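Before any comments, here is the structure.
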Amino acid sequence: VLDEKFGKEGYEILDASNGQSGLAMAIEHHPDLILLDLVMPVMDGMTMLTELRKDDWGKTAKVIILSNLADGAKAVEAKEQRTEDYMVKSDWTIHDLVAKVKESLSS
């Protein structure tokens, strides 16, 4: 659904099926923004974010966390990792996410 929506909004989408391939893809392609789920196979989102921050480019990469987990500790950890936002999936609509992406990319 997100690929389709952001494609219609004119964004080029790179889609990874797990955290490990997402990390490799991000480091190779340097996207303008990463939408990162916490629950993923092979490598979870927080581990991917930690590994991303070790890369020279990844230290400043823009990341928005998307999660089903309304976990205060994870939100604090995400903030400490300099993410743009931590969005709990049940608390937003796709229109909210598009607005947050546009805001993040314009800053």
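Restricting attention to segment 67-107, the residues that are in contact (Cβ under 8 Å) with a residue 12 or more places away in the chain, more than 20 Å from GLY19 (Cβ to Cβ) and not in a helix (DSSP H, G or I) total 1.
Looking at the structure I just gave you, is LEU52 in contact with a strand residue (DSSP E or B) (Cβ under 9 Å, 6 or more places away or on another chain), more than 19 Å from VAL1 (Cα to Cα) and surrounded by 18 or more Cβ atoms within 10 Å (Cβ to Cβ)? Judged against the criteria, LEU52 is a match. Being modelled with pLDDT of 95 or more and either assigned to a loop (DSSP other than H, G, I, E, B) or β-branched (Val, Ile, Thr) (or both) is the filter here; which residues of segment 15-42 pass it? Residues satisfying the conditions are ILE27, HIS30, PRO31, ASP32, LEU33, ILE34. The condition (being among the small types (Gly, Ala, Ser), at pLDDT 90 or above and surrounded by 13 or more Cβ atoms within 10 Å (Cβ to Cβ)) is satisfied by just one residue among GLY45, GLY58, GLY10: GLY58. Residues that are of a type in the set (D, E, K, R) and not in a helix (DSSP H, G or I) within segment 48-66 comprise ARG53, LYS54, ASP55, ASP56, LYS62, listed in sequence order.
The values are calculated or read from the model by the stated rules, or taken from the named source; none is laboratory data. Computed from a predicted model, the values in this text were never measured in an experiment. Note that we place each Cβ from the backbone using ideal geometry, even for glycine, and neighbour counts take in every protein chain shown.
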